[in-house]
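Notes for the one structure printed next.
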Amino acid sequence: MAGERSRRAGVQLRTVAQVMAWWGDRLEANRSVSASYKATMLSLARRQVVPRLGKVTLKQLDRATVDDSLVWPMQAEGLSPHTAHKALQGLLASLDLAAKQKRVERNPLAGVSFKDFWSGKLQPKAAGLLPVAVPELLPKLCGAFERQPVVGMLALTMLANATRIGETCMARRQHISLIDRVWIFPAQNTKTREELVVPITEQMCALLTRYWQALPAARQGSPWVFPGVNGRPLSAKQASALIKELSGGEWTSHDLRKLARTVWTDIGIDYLVGELLLNHSVGTLAKTYIRTTADQLRRQALEQWHAWLDVRGFAVAHGLKSEQTGISTDDD
C-alpha cells in the first residue's frame, strides 16, 4: 500500500480511478475528519464513483459524462438523491484537491455542483421517531436495559444526551464524574474535534449507577462505558446494528438524536443551547457565550428534557421519584 501511494504521489493523475485512489489514501490518513465520514466517502468511491467513471480520463470528464454515468443512473437504480449527492461530493472534492496539489493539469469539474444535475430541493430525511411515539418507545428501551444492559443503556443514553453514536461508543469510564456531575467527550473523539462536556442530571446519575451494577461480571472491569469483546469498546458499526435490531429496523440511533432536538424546540429550549448540547460547530460569538453563561443553561436544558421524558416512562429506567430529581415533571 505504501509503495502504491508513493507511486501515485509522483505521477500525473490521468483517470478518475487514479484521482479517487490518490484522494482515498489522503482521506484515510486525515485525522481531522471522523471515522464515519471516511467510511462513507470511501465506500461511495469504491462502490459508485470508480465502477461508473473510473476508466474515464480527465480530458473526457465533463458535466454530461457525470450526468449520464453517475448521478442519474444511481437514482434510476433506486438510490436516493442524498446518496448521489454524497458520491458527487467525493468526486468533486478529489478533483479540487488534486488540482490544488498540481496532480492534474486542471480540474475539469471546477464550478460544478449538485444543482447542475438536480433541480429539486434535497429534503431532509424523514424522522424515524416522532415525539408522540415516546410513551411507547421508552418501555421498549427500559425492557432492553433489563435484558441487555449494554444495548439498553446505549439507546437510553443517546436519547437522554443526544450524543452521536461513534462518540458515545468511544466513551471511557474515566470520562464520567458522578461527583462533579459531568460526562466529558474528548476532542479527539468528537466529530467537530471540540471537547463536549455533558451535564449529568440526577436521572442520568441514577441510571449510570444502575448500569454499572447491571453489567455482566465479565464486563465489570472494562474501562469502556459500552464494552464489546476482546477488551474493546463497541464499534459504531456494531452499535448501529444492535440499535437496528432493537428497533426492528424502524428507526436508527440518529433518529434518537433528532427526536431529542425536535422536543427541545417544542419545550422552549434555547436554539443555541441546543446546538451546544448537540456539539454542532458554532461561531466566535457563541464561543464567548459558552464561556459566560452556557454551562448552567445546558444543565437546565437537560433537566427540563429529562423531566419531560420522566412522565413518559424514563423514570422506570433510572428508578428515581419526582421529588428525588428536584425538577418539576409538569409539561407546562
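Bear in mind these aren't lab numbers, they're just calculated from the coordinates by the rules spelled out. Since this is a predicted model, take the numbers as computed values, not measurements.
Taking all pairs of distinct Cα atoms, average 1/r, flip it, and tell me the Kirkwood hydrodynamic radius of the stretch 2-116 in Å to one decimal place. Spell out each step's value before the answer.
Values: mean 1/r = 0.0700 Å⁻¹.
This gives a value of 14.3 Å.
Over 21 Å apart: what share of the alpha carbon pairs of the stretch 131-325 falls there, rounded to a whole percent? Could you put the intermediate results ahead of the total?
On the way: 9297 of 18915 pairs.
So the portion of pairs separated by more than 21 Å is 49 percent.
Using equal-weight Cα scatterers in the Debye expression, the normalised intensity of the stretch 68-211 in log10 at q = 0.11, 0.16 Å⁻¹ is -0.70, -0.96. Only one of (i) 19.6, 61; (ii) 23.0, 71; (iii) 25.8, 106 was calculated from the structure for Rg and Dmax of the Cα atoms in Å, and its label is (ii). Average 1/r across all pairs of distinct alpha carbons in the stretch 36-80, invert it, and you get the Kirkwood radius: 11.2 Å.
List every DSSP H helix in the chain whose Cα atoms extend 24 Å or more along the helix's own long axis and whose mean Kyte-Doolittle hydropathy is at least -0.5. Counting only whole DSSP H runs, the qualifying helices are 81-100.
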